[in-house]
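Chemist: Before we start, here is the structure in question, set down as structure tokens.
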Amino acid sequence: MQLPLPPLEDQRRIVARIDELAAKIEEARGLRRQAAGEAEAISPSVTANIFDNSVWARQTIGELIAGAGLRNGKSLKTTGQPSDVRCLTLSALRHGRINCAHTKPVSMTNVEAAPYLVHPEDVFVVRGNGTKELVGRAGIVAENCAGLIFPDLFIRVPLDRDKVIGSFFVSVWNSRQMRDLIEDTAKTTSGIWKINQGHIESFSIPVPPLLSTWP
């Protein structure tokens, strides 16, 4: 194999420039981590001020879901082969959003996949995770995920949109107040922390009117 080799002086200059850029990249990553930590520290106090509102009526999730009820996803191993049907992975849910790029191909017909298809504005809660801090986290689908199904470790929460919008639910559900309740409720078996449909339906959240103004 032949490689283009510039003079040694140019090589040294190129390496020095790469090292300089790498240092700047690492500095930027450090600032991003610092900003994320500061946001994480501020978030609990902000959400407490917003959601600890005694005027708003509290409703259970069972009262807020549509008639279809909660549904667990489908557990299938990936085939590694191209498929018309793909399944979201657990890593798809991050920071209250569902990233439809995190998928795997599964062996399933379109008819079999129909009950588990993901739609825009769908809300999911993680029912099981090896990390207690991640079990019960909620996320909303903010993009078109055509041809994707959701996995067994996700529970779809079919909210009645005449009562509560998905993005508000996710914000309340992922707040520190709810996290304390979820983590106290979660049970572990074989190193996996879990909550179930019954737990979710029994939890209550403050629900303002859809057109409410808030100072």
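Chemist: Which members of the stretch 109-168 meet the condition of being touching an Asp or Glu at 6+ places or on another chain (Cβ under 8 Å) and at positive phi?
Modeler: Gly136, Gly147
Chemist: Moving on to the next point. With touching a strand residue (DSSP E or B) at 6+ places or on another chain (Cβ under 6 Å), under 14 Å from Ile205 (Cα atoms) and at pLDDT below 95 as the only criterion, which of Gly166, Gly128 stands out?
Modeler: Going through Gly166, Gly128 in turn, the sole match is Gly166.
Chemist: Regarding the stretch 160-172, can at least one residue be identified that is among the aliphatic types (A, V, I, L, M) and under 17 Å from His95 (Cβ atoms)?
Modeler: For the stretch 160-172, residues among the aliphatic types (A, V, I, L, M) and under 17 Å from His95 (Cβ atoms): present.
Chemist: Same structure, new question: Among the listed residues Arg58, Arg97, identify the single one that is of a type in the set (Lys, Arg) and either in contact (Cβ under 8 Å) with a residue 60 or more places away in the chain or buried (at least 20 other Cβ atoms within 10 Å of the Cβ) (or both).
Modeler: Matching residue, one of Arg58, Arg97: Arg58.
Chemist: State whether the residues of the stretch 190-209 include one that is over 18 Å from the mean Cα position of the chain (by Cα), in a loop (DSSP other than H, G, I, E, B), within 25 Å of His119 (Cβ to Cβ) and of a type in the set (Phe, Trp, Tyr).
Modeler: The answer is yes; a qualifying residue exists.
Chemist: What are the residues in the stretch 92-131 that are under 21 Å from Ser171 (Cβ atoms) and small (Gly, Ala, Ser), if any?
Modeler: Ala92, Gly96
Chemist: Here's a follow-up. Scan the stretch 113-162 for residues that are surrounded by fewer than 13 Cβ atoms within 10 Å (Cβ to Cβ) and among the hydrophobic types (A, V, I, L, M, F, W, C) and jot them down.
Modeler: Across the stretch 113-162, the qualifying residues are Ala114, Ala146.
The values are calculated or read from the model by the stated rules, or taken from the named source; none is laboratory data. These numbers were taken from a predicted model, which means no experiment stands behind them. All Cβ positions, glycine included, derive from the backbone under ideal geometry; neighbour counts span all protein chains shown.
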